[in-house]
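Enquirer: Okay, here's the structure, questions in a sec.
FYI, it's all coordinate maths here, none of it is from the lab. Just so you know, these numbers come straight off a predicted model, no measurement behind them. Every residue, glycine as well, gets a Cβ built from its backbone with ideal geometry; the counts of neighbours run over all protein chains shown.
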Amino acid sequence: MAYHAEDWHEAHQKLMQNGVGDNYIVIQPTSRWFFKCWDEGKMAQTITALQQDGHTVVLTAGPDKKELAMIDRILAASPETGVVSLAGQLTLRQLASLIDHASLFIGVDSVPMHMAAALQTPCVALFGPSKLTFWSPWQVNGEVIWAGDYGPLPDPDAIDTKTKERYLDAIPVDAVVSAARRYLS
């Protein structure tokens, strides 16, 4: 995963404009397929726990209106301080540079999660009904939290990608927060 110094300069400028220093966590809660997304309330609870631990969270997402609306709902349920959104504001290379400099990446099965794995950024990846042997991050410095450990999941080959069902919702907040704390300590 390659990016240029200018990409990091631009991403770093956006961080500074939002009062974010060099120590931050990137959270990518969205995917183009919403069946791969976690409950917004649980994501906000995770952000709150990390913020209470003294961490700054940077939310990212693509420019899609549905993804941006999801970010807005998460922000509305999150603390007023310690969390900023760069959703829809970064190129892919700028996003890669942001992830590369992060203390931790938390996200769902999506392109940014794979970027974090390729960049060797500590990663907590939330997975639902995907074929883990093909799609889970290969890096050692990461942890996969699979919704199938907390409830039944449909066969990955039988999923209607347009469903509004959220298959990751079985994952408890504590599992994600505990995994994050392990990588942040």
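Enquirer: In the range 110-125, whose amide N lies under 20 Å from the spot 7 Å out along Cα-to-Cβ of residue 23? List them in ranges.
Expert: 121-124
Enquirer: Okay, next question. Taking a point 7 angstrom from the Cα of residue 66 along the C-beta vector, which residues in the range 139-177 have backbone N less than 18 Å away?
Expert: Within reach of a label on residue 66: 158-169.
Enquirer: Right, next: Quick one: check the C-alpha center-to-center distance for the range 83-122 versus the range 7-36, whole angstrom.
Expert: 7
Enquirer: With r as the distance between the Cβ atoms of residue 53 and residue 16 and R0 = 22 Å, compute the FRET efficiency 1/(1 + (r/R0)^6) and round to 0.05. Don't skip to the answer; put the middle values down first.
Expert: Values: r = 22 Å, r/R0 = 1.02.
So, using R0 = 22 Å, E works out to roughly 0.45.
Enquirer: For the range 34-51, what does the Karplus curve 6.51 cos²θ - 1.76 cosθ + 1.60, with θ = phi - 60°, yield as ³J(HN,Hα) per residue in whole Hz, taken in order and with x for Gly and Pro?
Expert: 6, 5, 8, 9, 8, 4, 4, x, 5, 5, 5, 5, 5, 4, 4, 4, 5, 5
Enquirer: Taking the Cα centre as origin and putting +1 on Lys and Arg beta-carbons and -1 on Asp and Glu beta-carbons, what dipole magnitude results for the chain, to the nearest 20 debye?
Expert: About 140 debye.
Enquirer: At R0 = 22 Å, how high is the FRET efficiency between residue 77 and residue 174 if r is their beta carbon distance? Nearest 0.05 is fine. Present the calculation step by step, with values, prior to reporting the outcome.
Expert: Numbers: r = 17 Å, r/R0 = 0.79.
Plugging the Cβ-Cβ distance into 1/(1 + (r/R0)^6) gives 0.80.
Enquirer: Mind checking which of 45, 13, 94 has the largest fluctuation in a GNM of the chain, springs on alpha carbons under 10 Å?
Expert: Among 45, 13, 94, the largest mean-square fluctuation in the Gaussian network model of the chain belongs to 13.
Enquirer: Then there is this: Just from its helices, what would the mean residue ellipticity at 222 nm be for the chain, if runs of 4 or more DSSP H residues each count -39500 (n - 2.57) and the sum is divided by every residue, rounded to the nearest 500 deg cm²/dmol?
Expert: Values: 7 runs with 71 residues, N = 185.
After summing the helix terms and dividing by the residues of the chain, the value is -11500 deg cm²/dmol.
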